[in-house]
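Working notes, structure below.
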């Protein structure tokens, strides 16, 4: 057997060349860190899988996402405002939007919107990927949240979503935009965008904006105007050149130039037209035409009530859908409007008398038992005079404030400087310019109207004739802080301008509104129970009632005090020489007080019957500058007073408002010794030291024995140095038939309501004057 030789096999190196038989050699295994690097096959496979997954997820998203219903802002409903009987006052909200088809928008305005927001709109899809990437990159660099949305996306955001910047909302926006782009035409999307965009001034949609800024329809907009509206899309309030800051105006002009240049670049506007174009004239902001007449004032006052009391905030109210019933009685509202028209505006002629254009009337009528505002007059027309004269707080109240001083004195058991309790028969010194006693610093010495002196007069007479010097001393005897506190308790807002415990406070240096004063007098009429006036009766939205706060009743002053003040205020009307004598023509028991301020810039009459309180004022306001001016000369009358126009408006309205209702009397004060008709008089005191035997204008220096209420205390608070030797032993049973007559004072009351304005105010009953050594001017 042949022997076999065993030899070790020699290992062959792996050939890098072609394999035997044409087969490719195997690749060596990768070792170390190289094992972590994916191969190109893996990369390609991963990309394909990711792409397929993305497309699948996107397709799934498109399939699952539904285009939602349009949001509330995009289809904002109107708010419906109703009278107390359910009849419609007006509707707000829908009037700020009027959807129009694209053919009702001028091509220039369409191109301007595209130039401002999305110049490639008609040639792109729903989403501009390049814009989104750019926006994301800029945001990442810290340049703030950046836009990158197409008009389709903005339309989706306006119509179906909200304005919140979040990733989830952006994702929703992308999916819905793709779906909308696939189901709606470009023209429809552009029309929807123009109709849902907000342009400022409460204008939603391009039609409302064209009216708000230019008084035109959208179809009439030229390139310059269309470019300005497109500019507003970027920042509506900041770019409103009628109200913007200087910087805001410049930014608006810069943006307008950008839009105009973009229109040229896209061949939508020729270079020649661009060169000739100028920045357009923009109208001043105007209130909604649907709020003309008194409707706007009523809506404004009710809105202020709703928002200030936290019932509905402005944002929610702007969404619309509310039905708001007011306490306004349509019959009384119409009667108030008619009375102002007949008694004031029909007598004015601004074309012949420029002064007549300065007269601004305001009025409010309140049910004293409930606090409900039953009628309100805010001005000649809401679209002509934007400021509500019934709620403004920038004119002094004058001597209507004296009713508060009386209430403070009686409620706090005020005493004269020699310690005697103040009553309606307390005698005060009515000398014009008399220095107030008992104060600190320089004595306050207000003049009476016309610098007229009345000598020694009762507090009742001082009330009837609105004598400043007597009331300045009364407030000092009561305590200035107590006068202020009583005003607040009766309903004046604590932050009322000018409501400060200074010597002029009883003369009306404060500036409450007409509605505020109606509320104060309503408390007097309601036995001292204070209820803040209100005018919203009910609110509901889509059938669901909105909870309203309860109307709180507070016993501000005692019933006896309220009744005593009411009794005294009746003398202002019943006294033939009282400053409110015209209101006697109502033919019912009436209590009230006139007021006329320094330079006759405002005149007032606030009066009431047991059933109704009404406050009327006339304000002097320059129609051009808005500055406060004197009312003297309005209606061709030299001088102005609360007993003139305001009292006549009041009487005319109250006749209509109370027509057919039974006549009732005021409650009698528990101590009717304060009756304005006190007739049992004490022996006349001797002439006080320093008091002239006769007043400079015929005012009595000693109490005349004429049944005018001369009795009671005659202490130093009234300027007398000795008290009367006797007091009356019986209470009066009747009111006087005559009163002492200062110079020019009429001796008999009018038998009928005057149909025309008098040429002069009875001089004994005029209630004008001044009252300041504190920087606050007010008069009788």
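Go through region 333-354 and give me each residue that's under 22 Å from the mean Cα position of the chain (by Cα) and surrounded by fewer than 21 Cβ atoms within 10 Å (Cβ to Cβ). First the steps, then the outcome.
The initial filter retains those residues of region 333-354 that are under 22 Å from the mean Cα position of the chain (by Cα), namely 333-334, 336-337, 340.
Within region 333-354, 334, 337 meet the criteria.
From 155, 193, which residue is at pLDDT below 80, under 17 Å from residue 232 (Cα atoms), part of a helix (DSSP H, G or I) and within 41 Å of the chain's Cα centre (by Cα)?
Working: 193 fails: at pLDDT below 80.
From the options 155, 193, the qualifying one is 155.
How many residues, within region 550-570, are in contact (Cβ under 8 Å) with a residue 24 or more places away in the chain and touching a strand residue (DSSP E or B) at 6+ places or on another chain (Cβ under 9 Å)? If you could, list the steps in order and put the result at the bottom.
First, the residues of region 550-570 that are in contact (Cβ under 8 Å) with a residue 24 or more places away in the chain: 551, 553-570.
Then keep just the ones that are touching a strand residue (DSSP E or B) at 6+ places or on another chain (Cβ under 9 Å); that gives 551, 553-557, 559, 562, 565-570.
Of the residues in region 550-570, 14 are in contact (Cβ under 8 Å) with a residue 24 or more places away in the chain and touching a strand residue (DSSP E or B) at 6+ places or on another chain (Cβ under 9 Å).
For the subset of region 643-666 comprising residues that are assigned to a loop (DSSP other than H, G, I, E, B) and in contact with a helix residue (DSSP H, G or I) (Cβ under 7 Å, 6 or more places away or on another chain), which member is nearest to residue 559 (Cα to Cα)? Result: 666. Taking the listed residues 72, 109, 116, the one that is part of a loop (DSSP other than H, G, I, E, B) and either modelled with pLDDT under 70 or farther than 30 Å from residue 376 by Cβ (or both) is 72, with no other qualifying. Taken over region 396-422, the residue count meeting the criterion of being touching a strand residue (DSSP E or B) at 6+ places or on another chain (Cβ under 9 Å), more than 21 Å from residue 600 (Cβ to Cβ) and part of a loop (DSSP other than H, G, I, E, B) is 4. State whether one or more residues within region 316-324 are within 24 Å of residue 612 (Cβ to Cβ), under 19 Å from the mean Cα position of the chain (by Cα) and crowded, with 20+ Cβ neighbours inside 10 Å. Yes, the conditions are met somewhere in region 316-324. Taking region 210-243 as the range and being farther than 14 Å from residue 280 by Cβ and not in a helix (DSSP H, G or I) as the test, the residues that pass are 217, 233, 234, 235, 236, 237, 238, 243. The condition (being touching a helix residue (DSSP H, G or I) at 6+ places or on another chain (Cβ under 7 Å), touching a residue at least 12 places away in the same chain (Cβ under 8 Å), part of a helix (DSSP H, G or I) and closer than 24 Å to residue 538 by Cα) is satisfied by just one residue among 298, 336: 336.
Looking at region 621-634, can you tell me whether even one residue there is part of a strand (DSSP E or B), crowded, with 23+ Cβ neighbours inside 10 Å and touching a residue at least 60 places away in the same chain (Cβ under 8 Å)? Give the derivation first.
Within region 621-634, the subset part of a strand (DSSP E or B) is 621, 628.
Now narrow it down to the ones that are crowded, with 23+ Cβ neighbours inside 10 Å: 621.
Keeping just the survivors that are touching a residue at least 60 places away in the same chain (Cβ under 8 Å) gives 621.
Checked region 621-634: at least one residue is part of a strand (DSSP E or B), crowded, with 23+ Cβ neighbours inside 10 Å and touching a residue at least 60 places away in the same chain (Cβ under 8 Å).
A single member of 304, 207 is in a helix (DSSP H, G or I), buried (at least 20 other Cβ atoms within 10 Å of the Cβ) and modelled with pLDDT under 95, and it is 207.
When residues in region 514-534 are screened for being in contact with a strand residue (DSSP E or B) (Cβ under 8 Å, 6 or more places away or on another chain), buried (at least 24 other Cβ atoms within 10 Å of the Cβ) and more than 14 Å from residue 555 (Cα to Cα), 5 of them pass. Just for region 339-383: of the residues that are in contact with a helix residue (DSSP H, G or I) (Cβ under 7 Å, 6 or more places away or on another chain) and part of a helix (DSSP H, G or I), which one is farthest from residue 90 (Cα to Cα)? Taking the candidates together, the pick is 355.
Looking at region 495-513, is at least one residue over 30 Å from the mean Cα position of the chain (by Cα), within 27 Å of residue 597 (Cα to Cα) and at pLDDT 95 or above? Before the answer, list the steps.
Applying the first criterion (over 30 Å from the mean Cα position of the chain (by Cα)) to region 495-513 yields 503.
Still in the running and within 27 Å of residue 597 (Cα to Cα): 503.
This time we only want the ones that are at pLDDT 95 or above, so: 503.
Looking for residues that are over 30 Å from the mean Cα position of the chain (by Cα), within 27 Å of residue 597 (Cα to Cα) and at pLDDT 95 or above, one finds at least one in region 495-513, hence yes.
The values are calculated or read from the model by the stated rules, or taken from the named source; none is laboratory data. What you see is a predicted model, and the numbers here were worked out from it, not measured in a lab. Here Cβ is always computed from backbone atoms with ideal geometry, including for glycine, and neighbour counts include all displayed protein chains.
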